[in-house]
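The values are calculated or read from the model by the stated rules, or taken from the named source; none is laboratory data. Remember, it's a predicted structure, so these values are computed and weren't measured experimentally. Heads up, the Cβs are rebuilt from the backbone with ideal geometry, glycines too, and the neighbour counts pull from every protein chain shown. In case anyone asks, the SASA skips ligands and DNA or RNA and just uses the protein heavy atoms, side chains included. Shrake-Rupley method; radii C 1.70, N 1.55, O 1.52, S 1.80 Å.
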Number of protein chains: 2
Amino acid sequence: MQVKNIKTDEKAEMRSDCPISSSLDIFGDKWSLLIVRDLMLYKTRTYGDFTKSAEKIATNILANRLQLLEDNGIITKLPYPGNKVKGLYRLSPKGADLIPVLIELAIWGGKYISNSDECSPFLKEVKKNKSKFLKKVMLNLLQEDENNRD
Amino acid sequence: MQVKNIKTDEKAEMRSDCPISSSLDIFGDKWSLLIVRDLMLYKTRTYGDFTKSAEKIATNILANRLQLLEDNGIITKLPYPGNKVKGLYRLSPKGADLIPVLIELAIWGGKYISNSDECSPFLKEVKKNKSKFLKKVMLNLLQEDENNRD
DNA sequence: GTTTTTTACTTGCATATTAAAAGTAATTAT
DNA sequence: ATAATTACTTTTAATATGCAAGTAAAAAAC
């Protein structure tokens, strides 16, 4: 097995008790937060949806990260209504609480990396009113949540 | 060369124009933001200081990340006053603007990862008044900056 | 109802990155 | 003059990544 499945691992190795370090232990890589971003800002909900986003994640990495995020309670996998082969990935409340992290990442990137401004339709809205944007995204996720109770 | 030195590389490969993705292209790993944290919250300023922090970074990784962060304008390396072998690492304004990202990471980690609360002396202060804490840290960095102008 | 397509993965392999330990070279302290 | 610091670099082994191809179940098309 090249991409190790942490689920079969027993130890959840933490490098220290620092909350920043522990957060990075979970999603400190180039892909995990992009999956969270897609669930948060776009309509990305199935495995296939994730493979279609701009950064072109490899399918083995995607499967590994979805499992890792699920193991860590950041996303949940539900059965897709009316389709037995598809899964429906959702952000858990724990995952939704990463919104502020992503907002700050987006603001920093927008400020220091050229061309990113126009390409992220949300950045303008975020910069205009950060807490309003946060509430809006959180509300969207909650509403979707209600729609998915059976 | 096992740890590739990006400085000799020409291409700055960006996976997409998304500001979140581009940010992660630079510091989306388990170590870079810990270096930024140490410069931001602690008195860590020399190579040796970094090797002493709790997460025990390997020296080759440290050297690589310091170079990468410097190449990306997030930190600067100054000569250490009165010592020709030491270097003095500092956060640039671009690096200091990562404070909000680290604050949100710390808040998330503090909320969802046990034991991290008591171990980060700053977390209480952050939670009590986020923007006050931000201003304080920013001011500290600016003052240190002034002290280091010759 | 049989073939084709879609969907969600898994596998194999080459390459890249990481970690741990040891080594080096230039100061700096004793 | 000798020992210790400091800031790296190198070596080697273990892991992780990226790409291409493969698989198995279900769904859609014919």
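Can we say B:Gly95 is under 16 Å from B:Val36 (Cβ atoms), buried (at least 19 other Cβ atoms within 10 Å of the Cβ) and more than 8 Å from every other protein chain (Cβ to nearest Cβ)? So B:Gly95 passes the test. When B:Phe133 is tested against (1) open to solvent by less than 70 Å² (accessible area, probe 1.4 Å); (2) in a loop (DSSP other than H, G, I, E, B); (3) not aliphatic (A, V, I, L, M), only condition (2) is not met.
Checking the structure you have, find out if any residue of the stretch A:106-121 is more than 14 Å from DNA strand D (Cβ to nearest atom) and in contact (Cβ under 8 Å) with a residue 60 or more places away in the chain. No, the stretch A:106-121 contains no residue that is more than 14 Å from DNA strand D (Cβ to nearest atom) and in contact (Cβ under 8 Å) with a residue 60 or more places away in the chain.
In this structure, B:Leu102 qualifies as in contact with a Lys or Arg (Cβ under 7 Å, 6 or more places away or on another chain), open to solvent by less than 50 Å² (accessible area, probe 1.4 Å) and assigned to a helix (DSSP H, G or I). When the stretch A:20-65 is filtered for residues that are near DNA strand C (Cβ under 10 Å from one of its atoms) and either of a type in the set (Lys, Arg) or crowded, with 21+ Cβ neighbours inside 10 Å (or both), the ones remaining, listed by number, are A:Gly28, A:Lys30, A:Arg45, A:Phe50, A:Lys52.
Among the conditions (1) open to solvent by less than 30 Å² (accessible area, probe 1.4 Å); (2) in contact (Cβ under 8 Å) with a residue 12 or more places away in the chain; (3) within 13 Å of chain A (Cβ to nearest Cβ), B:Tyr89 misses just one, which is (3).
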